[in-house]
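Please read the structure below before turning to the comments.
The values are calculated or read from the model by the stated rules, or taken from the named source; none is laboratory data. It should be emphasised that the depicted structure is a prediction, and the values quoted were computed from it without experimental measurement. Here Cβ is always computed from backbone atoms with ideal geometry, including for glycine, and neighbour counts include all displayed protein chains. To get the accessible areas, we keep the full protein, side chains included, count just its heavy atoms, and leave off ligands, DNA and RNA. Shrake-Rupley method; radii C 1.70, N 1.55, O 1.52, S 1.80 Å.
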Amino acid sequence: MSEDGLMLGKCTNPSCSAPFRYLRDGKLFRLEADPGLRTRKPNTLEYFWLCDGCSPGMSLRIKDGIVSPAMLPGSV
């Protein structure tokens, strides 16, 4: 859940449709908006989740203000 009260719906990996149900199932990321890209409130936190199936081999990256999953080195 973000500061705005928005619920996470599914895994951040666009090729995965695992629904978010419990914090214990996967890995939750809390990211602060880039100060140079802020358009709303300062210090806005956003939450992203990778499911149990995706989180062992992935992490998240931010490029040009867009959050996307990235394979970890050595992952298959």
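Before moving on, here are some points about what is shown:
- Search result, residues across segment 18-54 that are in contact with a Lys or Arg (Cβ under 7 Å, 6 or more places away or on another chain), modelled with pLDDT of 95 or more and part of a loop (DSSP other than H, G, I, E, B): ALA18
- Segment 54-73 - residue that is farther than 17 Å from LYS27 by Cα and either of a type in the set (Asp, Glu) or in contact (Cβ under 8 Å) with a residue 12 or more places away in the chain (or both) and, of those, most open to solvent (accessible area, probe 1.4 Å): ASP64
- Each residue in segment 45-76 was checked for being farther than 19 Å from LEU8 by Cβ and touching a Phe, Trp or Tyr at 6+ places or on another chain (Cβ under 6 Å), and 0 pass.
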